[in-house]
Amino acid sequence: MPIDADRMLIGVSETYDVIVTMPNDKSYEFLATAEDRTKSASLWLGNGDSVPATRLPRLKYFDGMKMMNGMMNMDGSMNDMGMKMSLQQMDMNTVMYAENLDKTVTLNYAMLRSPEKTMLPDAPARELHFNLSGNMNRYVWTINNRAVSETDKILIKKGENIRIILYNGTMMRHPMHLHGHFFRLINGQGEYSPLKTVVDIMPMETDTLEFAATESGDWFFHCHILYHMMSGMGRIFSYENSRANPEIPDPAAGLRKIYADDRKIHLAAKIGLETNGSDGELNFNNTRYRFQTEWRIGLNNTDGYETESHIGRYIGAIQWLLPYVGWDFRHKKGDAAERNIFGSESSLTDRRAFCIGLEYTLPMLITADARLDTKGRIRFQLSREDVPVSSRMRLNFMVNSDKEYMAGLRYVLTKYISASTHYDSDMGYGAGITFTY
Ligand SMILES: [Cu+2]
C-alpha cells in the first residue's frame, strides 16, 4: 500500500517503488546519498527552473562510535539494554545525523502493508534461529559463528513453511537476501504482512520472516553486502529429493567454488624502512586462522636480527582469543647473556626456539600475549597498533617482560605509504617510511 514518507534508508539490493508528484513548472532533484554521505547520485524530474535538493551534512562519526561503545559488553557483544528493537523502528544512527529530523517521516518496516493477504498455506512449519555474528576488527562475518563453508546445506521439504528468526548481534547493518522466494516480514500487519526479498536488519534488532517452500533445488540466503557474504555470512537452503539442475553440470565443483569464498586467504603487510634498519610483519589471514611473521633487522653491526613466526586459530564468535604455535630466531653480535624480568637468562647471540602462546585482545584493542618457548622461557607482552592520534597520525607501542620496548608514530601519506619514526630497545631510534598493505 502506498504510504507517505519524507526519507527512506534503502539497504543494498533492496527495491522500492516510489511515486513522486511533480508540480508542472519546475525541475526537482531526486537525491540518493550513500549512508556514509561520501557520495551521492541525483535524478532530475520535471521541466522548468531547477530546484536542487538539500545536500545532507557530514555524519558525526564519533558520536555514533561513542554510542555503539556504550552499548557494547566487555566481551564485544552488543547489549540492547532491554529495548527489543526490530523493523528499523528505532534508528540508532540518528545520533550521527547533523540534520534536524523533528518533522521528518522516515520509512520503517512496520509501516509496510501488502494490498492483499499474504498468509502462507496451511502447512507444517519449521523455525530456524540465525544470529548474525562477526568481528568488526578482523572483518569476518558469519551466521551462528559459522561461515558458509563450515556448515551443511539446510535441508527443507517442498510444501512446508520456513520461519527464520534473525538477530543481528553485530555493529553493522546486514541486508539479508533470499534467492528464489518472496518472504513475509512479520511486522504487525497480520494477514497483510508485506512480501520482500531483502530485509535490512540493524544492529541489535530481531526480525522474523517466513516463506512457503514451493520450489526445488538449492537457494542461497546471504547478506547482500557482498564482502560480508564472501567472508561467510550466508546459508544454503536445499530442497530434499530435488532433481539435478541441468544448468549446473558439476554441482560438487560449484559448491566448492562457493566455499572457496570464505576460505580465501588474504595478505596484510607492514614494512618499515628506517635509518636504524627494517622491522615489519607479514600476515596471512582467513576467517579462522592467522599466520604471522615479524622481523627486526638492525643496520648497526651489533644490532643483529630477529624473526618471530606464529600460526594460530581464532576462538569464539567474536575472536578475541588466539592460541598459537611458533618459532623464533635471533642473532646478535658480541652481546652477553640477558635476563628477563622473571630472572631467566638468555644468550641473545644465537637463539632458536619453538614456542606456544596465547594472544588475547583486551578492551581498547590492546593485544596481550603470553608465550612459553622450548628453552623454558616465559614472555608476557602488551602491544597496540594504530592508535588514531589525529586523522592521519597513528601511534604504536609494545612492551614485554624481556625488557624490550618500542614506541612509534606513523603519519599516513597515502593508502600504502606513511612517514614513520620509532624507538626500539634493540635497534634504537630511526626514521623513514613504512609501507602498509
Ligand atoms: Cu552484512
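The values are calculated or read from the model by the stated rules, or taken from the named source; none is laboratory data. Being a predicted model, the structure only gives us computed values, none of them experimental. Ideal geometry is used to build each Cβ from the backbone, glycine not excepted, and the neighbour counts take in all protein chains shown.
Considering Arg330, Arg379, Arg371, Arg352, which residue is part of a strand (DSSP E or B) and at pLDDT below 85?
Details: Arg379 fails: at pLDDT below 85; Arg371 fails: at pLDDT below 85; Arg352 fails: at pLDDT below 85.
None of the other options fit; the residue is Arg330.
Just checking, does the stretch 138-157 include any residue being of a type in the set (Gly, Ala, Ser) and within 16 Å of the ligand (Cβ to nearest atom)? Looking through the stretch 138-157, at least one residue is of a type in the set (Gly, Ala, Ser) and within 16 Å of the ligand (Cβ to nearest atom). The residues listed here are Asn283, Asn245; of these, the one that is farther than 21 Å from Ile143 by Cα, modelled with pLDDT under 90 and either of a type outside the set (Phe, Trp, Tyr) or surrounded by fewer than 18 Cβ atoms within 10 Å (Cβ to Cβ) (or both) is Asn245.
Quick grid of which residues meet (1) surrounded by fewer than 12 Cβ atoms within 10 Å (Cβ to Cβ); (2) touching a residue at least 60 places away in the same chain (Cβ under 8 Å); (3) assigned by TED's automatic domain parsing to the domain that holds Arg146:
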site: Ala212; (1), (2), (3): no, yes, yes
site: Gly217; (1), (2), (3): no, no, yes
site: Phe220; (1), (2), (3): no, no, yes
site: Ile225; (1), (2), (3): no, yes, yes
site: Arg235; (1), (2), (3): no, yes, yes
site: Ser238; (1), (2), (3): no, yes, yes
site: Asn241; (1), (2), (3): yes, no, yes
site: Ala253; (1), (2), (3): yes, no, yes
site: Ser278; (1), (2), (3): no, no, no
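Restricting the search to strands (runs of 3 or more DSSP E) fully inside the stretch 114-199 and requiring at least 3 residues that are more than 23 Å from Tyr227 (Cα to Cα) and assigned by TED's automatic domain parsing to the domain that holds His224 gives 125-135, 161-168, 183-185.
Mind checking which residues of the stretch 189-204 are among the aliphatic types (A, V, I, L, M) and more than 16 Å from the ligand (Cβ to nearest atom)? Outline the logic, then answer.
Within the stretch 189-204, the first condition is being among the aliphatic types (A, V, I, L, M), and the residues that meet it are 195, 198-199, 201-202, 204.
Hit for the stretch 189-204 is Leu195, nothing else.
Answer yes or no as to whether Asp207 is in a strand (DSSP E or B) and either within 16 Å of the ligand (Cβ to nearest atom) or over 28 Å from the mean Cα position of the chain (by Cα) (or both). So Asp207 fits the description; yes.
Looking for something exposed (fewer than 10 other Cβ atoms within 10 Å of the Cβ) and small (Gly, Ala, Ser) - is there at least one such residue anywhere in the stretch 36-45? So that I can check it myself, show each step before the final result.
Taking the stretch 36-45 as the starting set, the residues that turn out to be exposed (fewer than 10 other Cβ atoms within 10 Å of the Cβ) are 38-39, 41.
Narrowing the set further to residues that are small (Gly, Ala, Ser) leaves 41.
Yes, the stretch 36-45 contains at least one residue that is exposed (fewer than 10 other Cβ atoms within 10 Å of the Cβ) and small (Gly, Ala, Ser).
For the subset of the stretch 123-166 comprising residues that are of a type in the set (Phe, Trp, Tyr) and under 21 Å from Met65 (Cα atoms), which member is surrounded by the most Cβ atoms within 10 Å (Cβ to Cβ)? So, considering only residues that are of a type in the set (Phe, Trp, Tyr) and under 21 Å from Met65 (Cα atoms), the one surrounded by the most Cβ atoms within 10 Å (Cβ to Cβ) is Trp141.
Examine the stretch 119-134 for a residue that is closer than 30 Å to Arg290 by Cβ and either more than 16 Å from the ligand (Cβ to nearest atom) or among the aromatic types (Phe, Trp, Tyr) (or both), and state whether such a residue exists. Within the stretch 119-134, one or more residues are closer than 30 Å to Arg290 by Cβ and either more than 16 Å from the ligand (Cβ to nearest atom) or among the aromatic types (Phe, Trp, Tyr) (or both). Scanning the stretch 164-178 for residues that are closer than 15 Å to Ile236 by Cα and more than 13 Å from the ligand (Cβ to nearest atom) turns up Ile164, Leu178.
Looking only at residues of the stretch 213-269 that are in a helix (DSSP H, G or I) and within 27 Å of Glu35 (Cα to Cα), we find that the one that is nearest to the ligand (Cβ to nearest atom) is His228.
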